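The values are calculated or read from the model by the stated rules, or taken from the named source; none is laboratory data. In this text, all values refer to a predicted model and were calculated from it rather than measured experimentally. FYI the Cβ positions are ideal-geometry reconstructions off the backbone, even for glycines, and counts take in every protein chain you see.
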Amino acid sequence: MPHQTDDSAPDADAVLATRLRQAQPCLWTNPARLACPAATLEALGRRISLDDTNVAAARLKRFEALLAQVFTELAQTNGVVESPLLPAEALQPALGLQPGQGRLFIKADHSLPVAGSIKARGGMHEVLELAEQLALRHGLVPQGGDDGAYLALASSAAREVLGRYQVAVGSTGNLGLSIGVVASALGFKAAVHMSADAKEWKKERLRQRGVLVVEHAGDYERAVAAGRDQARADPECHFVDDEQSFSLLLGYSTAALHLQKQLDEQGIVVDAEHPLIVYLPCGVGGAPAGITFGLRQLLGPHVHCFFVEPVQSPCFLVQMLAGRADATGGQAHPSVYDWGLTNQTEADGLAVPRASLLAAELMVPLLSGVFTVADDTLFVHLVQVLDVLGERIEPSAAAGFSGPGMLTGTDAGLAWLCRTGVGDVLPQVTHLVWTTGGLLVPEAQYQGFVRRGRALLAAQ
């Protein structure tokens with residue numbers, strides 16, 4: 001693990017900038033983080049609070065009976081879409097996490113049913129919110145009806161009504177899978193605008209579900225822009241905007257409510273003596289921002305969330321470095337290309353050139369930091385997770401496993417531990433790596449990941 005300069009030193013910004021431009025792993029910690037942010041926060045002119053997270057959770061609950069009927073894989077959970085919290089102490093030696101430096105857990109969103117990734121949370125919520133609005137408008141369900149009333153949306157009459165509308169999204173893959181699968185299952189027409197770097201197997205899986213896949217030359221940003229433009233021309237098309245959607249973000253934030261219960265069940269306390277450090281892979285930023293918002297508002301100041309990005313695609317980090325002010329009084333919105341980076345990474349779900357301003361604005365008082373990771377490291381950790389724990393994840397889902405080493409094995413990380421006081425209670429820290437996808441990866445594709453990871457391990 002490369003050493004970093006202490007991020008409180010005068011030249012730390014220059015060192016960080018150099019490492020960013022050279023596509024080397026680096027760690028930035030957020031000087032604007034507030035221990036106790038306001039209960040209600042504002043982003044892009046809208047105010048949100050934990051009440052909004054609870055509203056989103058209640059909506060998901062109203063649809064549980066319907067989801068259990070529509071998706072056979074949800075029958076056993078009665079329509080609840082959730083992932084386990086896995087103890088992972090056996091993996092700590094491979095990650096360089098020494099005895100006395102805390103305990104490791106995995107929030108296993110790589111095993112989320114239906115969509116197979118973290119995107120199931122937000123994507124499902126936004127599609128269900130749209131379905132609920134249309135169902136109420138067309139009298140398909142009664143206002144204030146109980147959960148069983150939503151079973152009416154499985155009828156042919158309801159599908160005929162919803163089939164008049166299209167749900168569209170721009171995606172590198174996982175969000176498209178989430179939106180496309182859920183929308184088509186409810187009877188919506190569904191279209192996913194995909195960038196050139198999206199994986200072919202994800203496109204094929206969508207087509208098998210009857211989803212229209214629209215391919216675009218260029219990156220994620222261009223696919224989103226093209227999808228957004230086409231949707232504007234169709235009044236019966238709802239575009240799921242990963243860069244600006246509060247519905248997506250609040251759907252993701254409901255994960256905090258589930259995690260709180262899981263922590264309680266495993267006897268994990270979160271307080272000044274027992275901090276929780278969460279490592280979240282980041283693409284455009286909506287999913288990790290939603291989770292961070294929920295966790296910080298629910299569990300308080302002793303939750304520390306770090307985003308992790310590929311060294312060639314650190315869009316959230318460059319956005320946080322840009323700050324808020326530009327010459328016009330607006331918000332600067334830089335791209336990774338502005339830093340001489342390629343936006344090329346095997347972590348296709350994280351290959352985003354420009355961050356969500358919604359997510360970035362919301363994270364200013366909440367986020368503890370951002371770090372970057374090289375692609376080779378993703379494959380090494382993918383294999384280690386398989387060998388030690390038997391869990392199958394995709395490369396982007398392996399990003400967070402560099403987090404504990406970044407904090408305990410680099411100058412910048414050690415400086416943060418000292419400055420925050422977390423270092424004083426390090427033996428009682430809970431490290432939580434949030435994995436984000438992998439359940440639906442085809443076997444041949446997955447074995448290719450494993451071969452690459454094993455070759456890299458053998459060369460070490």
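Among residues of the range 195-212 being modelled with pLDDT of 85 or more, buried (at least 19 other Cβ atoms within 10 Å of the Cβ) and hydrophobic (A, V, I, L, M, F, W, C), the one that is farthest from the chain's Cα centre (by Cα) is V211.
In this structure, does A94 turn out to be of a type in the set (G, A, S), assigned to a loop (DSSP other than H, G, I, E, B) and touching a residue at least 60 places away in the same chain (Cβ under 8 Å)? Can you show your working first?
Working: of a type in the set (G, A, S): yes; assigned to a loop (DSSP other than H, G, I, E, B): no; touching a residue at least 60 places away in the same chain (Cβ under 8 Å): yes.
No: the conditions fail for A94.
Just one of (1) under 22 Å from A289 (Cβ atoms); (2) surrounded by fewer than 24 Cβ atoms within 10 Å (Cβ to Cβ) fails for V182. It is (2).
The condition of being aromatic (F, W, Y) and either under 19 Å from the mean Cα position of the chain (by Cα) or surrounded by fewer than 17 Cβ atoms within 10 Å (Cβ to Cβ) (or both) holds for F105.
Put simply, of A131, A135, A168 the only residue that is at pLDDT 90 or above, outside the structural domain of A397 (by TED's automatic domain parsing) and over 25 Å from the mean Cα position of the chain (by Cα) is A135.
Among A256, A198, which is in contact with a Gly (Cβ under 7 Å, 6 or more places away or on another chain), under 26 Å from V370 (Cα atoms) and not assigned by TED's automatic domain parsing to the domain that holds G438? Being in contact with a Gly (Cβ under 7 Å, 6 or more places away or on another chain), under 26 Å from V370 (Cα atoms) and not assigned by TED's automatic domain parsing to the domain that holds G438 holds for just one of A256, A198, which is A198.
Yes/no matrix, rows are residues, columns are (1) of a type outside the set (A, V, I, L, M); (2) in a strand (DSSP E or B); (3) more than 30 Å from T77 (Cβ to Cβ):
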residue	(1), (2), (3)
D197	yes, no, yes
K203	yes, no, no
R207	yes, no, no
G210	yes, no, no
A226	no, no, yes
A231	no, no, yes
H238	yes, yes, no
G283	yes, no, no
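Residues that are among the basic types (K, R) and assigned to a helix (DSSP H, G or I) were ranked within the range 11-47; the one that is nearest to T342 (Cα to Cα) is R21. Residue pairs whose Cβ atoms lie under 7 Å apart, sitting 6 or more positions apart in sequence or on different chains, and linking a residue in the range 404-420 that is in the same structural domain as H304 (by TED's automatic domain parsing) and free of Cβ contacts under 8 Å to residues at least 60 places away in the same chain to a partner that is crowded, with 22+ Cβ neighbours inside 10 Å and not aromatic (F, W, Y), are L417/L407. In summary, T292 fulfils each of the numbered conditions (1) assigned to a loop (DSSP other than H, G, I, E, B); (2) buried (at least 21 other Cβ atoms within 10 Å of the Cβ); (3) hydroxyl-bearing (S, T, Y) with the single exception of condition (1).
In the range 296-306, is there at least one residue being under 27 Å from L130 (Cβ atoms) and surrounded by 16 or more Cβ atoms within 10 Å (Cβ to Cβ)? Scanning the range 296-306 turns up at least one residue that is under 27 Å from L130 (Cβ atoms) and surrounded by 16 or more Cβ atoms within 10 Å (Cβ to Cβ). Filtering the range 212-224 to residues that are acidic (D, E) and part of a helix (DSSP H, G or I) leaves only E221.
Which residue is surrounded by the fewest Cβ atoms within 10 Å (Cβ to Cβ), if the candidates are limited to the range 108-121 and must be of a type outside the set (A, V, I, L, M, F, W, C) and at pLDDT 95 or above? Show your work before the answer.
Looking only at the range 108-121, we keep the residues that are of a type outside the set (A, V, I, L, M, F, W, C), and these are 109-111, 113, 116-117, 119, 121.
Retained after the next criterion (residues that are at pLDDT 95 or above): 109-111.
On the way: D109: 29, H110: 26, S111: 19.
Checked the range 108-121; the qualifying residue surrounded by the fewest Cβ atoms within 10 Å (Cβ to Cβ) is S111.
Among the residues of the range 36-54, those that are surrounded by 13 or more Cβ atoms within 10 Å (Cβ to Cβ) and β-branched (V, I, T) comprise I48, T53. Restricting attention to the range 62-89, the residues being in contact with a helix residue (DSSP H, G or I) (Cβ under 7 Å, 6 or more places away or on another chain) and either part of a helix (DSSP H, G or I) or hydroxyl-bearing (S, T, Y) (or both) number 10. Give the range 327-355 a look and list any residue that's in a loop (DSSP other than H, G, I, E, B) and within 28 Å of Q445 (Cβ to Cβ), or say none. Matches in the range 327-355: L341, T342, N343, Q344, T345, E346, A347, A351, V352, P353, R354, A355.
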